[in-house]
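Step one of this worksheet: look at the structure below.
The values are calculated or read from the model by the stated rules, or taken from the named source; none is laboratory data. Nothing here was measured: the structure is a model prediction, and the numbers come from that model. Glycine gets a Cβ as well: all are built from the backbone with ideal geometry, and neighbour counts include every protein chain shown. Just so you know, the surface numbers come from the protein's heavy atoms only, side chains and all, with ligands and any DNA or RNA stripped out. Shrake-Rupley method; radii C 1.70, N 1.55, O 1.52, S 1.80 Å.
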Amino acid sequence: MVTRLRVRDEFFGLALILPASLIVGALIFLPVAQSVAMGFVDYTLRRNQDGVSWNNFANFVYLIETGELWNSWRITLLFVIGVVTALIVAAVAMAIALNQRIPGQRLLRSVVLLPWVTPTMIAALLWMWILQPQYGVANFLLRRVGMIEQPISWLASIQWALPSVMVASFWRQFPFVFIVVLAGLQSIPVELYESAMIDGAGFSRRVFSITIPLLRNVIRVVILMSVIQSFRQFPLVWTMTGGGPIDATETLAVLSYKQSFVNLNFGRGSAVATVWLVTVLVFSVLFTRLVRTREY
Amino acid sequence: MAVGDSYRSVRHALYYATLVAFIALMLFPLYWMLVTSFKPNIEIYRIPPRFFPDSLYLDHYARTLEDGYFVRYLWNNFIVASITTLVNLIAATLAGYSISRYPTRITAVISFGLLSTQMFPVVGIVIALYTLYLRVSMLNTHTGLILVLTATTIPFTTWMLKGFFDELPKSIEDSAFVDGASRLTVLTRIALPLAKPGLLAAGLYSFMLAWNDFLFGLTLISSDKLRTLSVGISLRYLGEVSYDWGQVTTVAVFGTVPMFVLFFLFQRYLVEGLTAGAVKG
């Protein structure tokens, strides 16, 4: 009787999870597997696709020999590391600041979240307008305060294009990291701070001995999430620079898109996507192994 | 004593100054979008720029609403995001409930699989989907777009909803079982009504994600009539050389304001739903 009930339970549970599994399996897992396979064959949209065959890593060899793969890999890492570092530092600092009793705290908190609900493509437009060389407000303000002498073509400059895109990406991603860190902060019991204050611990002592260690698990999750998010950041880069100037912002996502939907070479595009997949997987495994959760 | 006080007030002032500067940085782009959209072109390209406009100029708005394209992009986006949300909620609710209440080894594998989709390269997915849709004639249809957007949002909403079901006291459901209710009745009559805030949060989240889509709409839709918001903006209002910034900021306002309205109406649910998973996980 009990086992029959349990079998029915299992059956019911599986029936419930079936629709989601089918949709995700057919439209995410299958395509990902297929694109990994496509990385190893000649596959262009221009040619008749009967009989695609193994091409001895030709896609990878091409991408390595032209230097494009290495360039994109390097730029992606720069982008991800820069954005995520800035995100974590700023989010922890701001969460600590806005967790104090200050006037208008609740309004401030919700207003800080607005960039998060702004569509990514529109975030790209807003920053393009701010960074516009002749009439953009960034050049105007920076010249006014004397930080630059000549107007800079931010998005057309090899030196500045990547940092500019990173600023926009930071702006769009910050609120999410911030609310998660803030929620983690609020789950720390107040008594800990109170007893630390009674023992005479100052503000910075409390931050570094209580807040940061107890936020460890939250920060760990948030790093992983924002690294993965940053790897996927296609709309922003594509809209703001299209990967240029001269490949200076050509992340793996942009290179993969360009190879497949501009050059119509799906094999090479898939090869790039495969490198991207392996990079993220290796990072995630290493990160979760090296930085473990801790119980308190 | 006096020295200590002034030191403290300097520190306070610095603290507030940094706080204000940072918040200004976060909000300025949105403010600037709004201000620019209400300026005539001659004002937009004025140096020095006017930070507080003295009048509201509505021509960009009238022009955008009347051009015959933009309203359609907005409508298409609304339809695609709404149906995506609906399908997503049905599938994700059932899946989240299953993982929470009927855990087996298979559901454990599936839920891990759902989480791991976040790591997959989106462009790789789109490349393979393109060839798949080409074969089954689903390219350039809203159905195809809705399906893939549903698939990409299900993993996150399933986890959100699983978190909500975990929070619900199981004892209520157990007593219903004792009274002889079937599993399906317990799900639809007891668990679902209790999980309403979670459903709301998950629904909003998937709506926002679908509204935000760019890559899938860009690659899988080719006719202008079916185009969604972000792609429509990018292909119609961003020229090769110079942009009409008055109109660009106006379409940006139209694309953003619906999200702001939803956010301010429901932010409590949204924030709770989002943070629940991440903080515990």
| said: Looking at (1) within 28 Å of residue B:92 (Cβ to Cβ); (2) within 11 Å of another protein chain (Cβ to nearest Cβ); (3) touching a helix residue (DSSP H, G or I) at 6+ places or on another chain (Cβ under 9 Å), which one does residue B:257 not meet, given that it meets all the others? | reply: (3)
| message | Tell me whether segment B:86-104 contains one or more residues that are open to solvent by 30 Å² or more (accessible area, probe 1.4 Å), assigned to a helix (DSSP H, G or I), of a type in the set (Phe, Trp, Tyr) and at negative phi. | response | no
| request: Might you let me know whether segment A:268-281 holds any residue that is in a helix (DSSP H, G or I), out of contact with any Lys or Arg (no Cβ under 7 Å at 6 or more places or on another chain), at the interface with chain B (Cβ under 10 Å from one of its Cβ atoms) and under 30 Å from residue B:243 (Cβ atoms)? | output: yes
| query | Taking into account only those residues within segment A:88-132 that are assigned to a helix (DSSP H, G or I), β-branched (Val, Ile, Thr) and more than 7 Å from chain B (Cβ to nearest Cβ), which is surrounded by the most Cβ atoms within 10 Å (Cβ to Cβ)? | reply | A:92
| field | Tally, over segment B:33-60, of residues that are in contact (Cβ under 8 Å) with a residue 24 or more places away in the chain and buried (at least 18 other Cβ atoms within 10 Å of the Cβ) | value | 6
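For the subset of segment A:10-42 comprising residues that are over 29 Å from the mean Cα position of the chain (by Cα) and touching a residue at least 12 places away in the same chain (Cβ under 8 Å), which member is farthest from residue B:154 (Cα to Cα)?
Only one residue fits best here, namely A:42.
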| field | Of residues in segment B:16-68 being in a loop (DSSP other than H, G, I, E, B) and small (Gly, Ala, Ser), the one nearest to the other protein chains (Cβ to nearest Cβ) | value | B:55
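Does residue A:218 qualify as being in contact with a helix residue (DSSP H, G or I) (Cβ under 7 Å, 6 or more places away or on another chain), facing another protein chain (nearest Cβ under 10 Å), surrounded by 13 or more Cβ atoms within 10 Å (Cβ to Cβ) and in a helix (DSSP H, G or I)?
So residue A:218 fits the description; yes.
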| field | Inter-residue pairs, beta-carbon under 9 Å, first assigned by TED's automatic domain parsing to the domain that holds residue B:274 and in segment B:182-197, second in a loop (DSSP other than H, G, I, E, B) and exposed (fewer than 12 other Cβ atoms within 10 Å of the Cβ), 6+ apart | value | B:194/B:169
| request: Filter segment B:84-100 for residues that are more than 7 Å from every other protein chain (Cβ to nearest Cβ) and not hydrophobic (A, V, I, L, M, F, W, C) and give the result. | output: B:84, B:85, B:88, B:93, B:96, B:100
| Scope segment A:137-167; condition open to solvent by less than 40 Å² (accessible area, probe 1.4 Å) and either among the charged types (D, E, K, R) or free of Cβ contacts under 8 Å to residues at least 12 places away in the same chain (or both); matching residues | A:137, A:140, A:148
| said: Here's a check for you: in segment B:112-137, which residue that is touching a residue at least 24 places away in the same chain (Cβ under 8 Å) and open to solvent by 10 Å² or more (accessible area, probe 1.4 Å) is farthest from the other protein chains (Cβ to nearest Cβ)? | reply: B:115
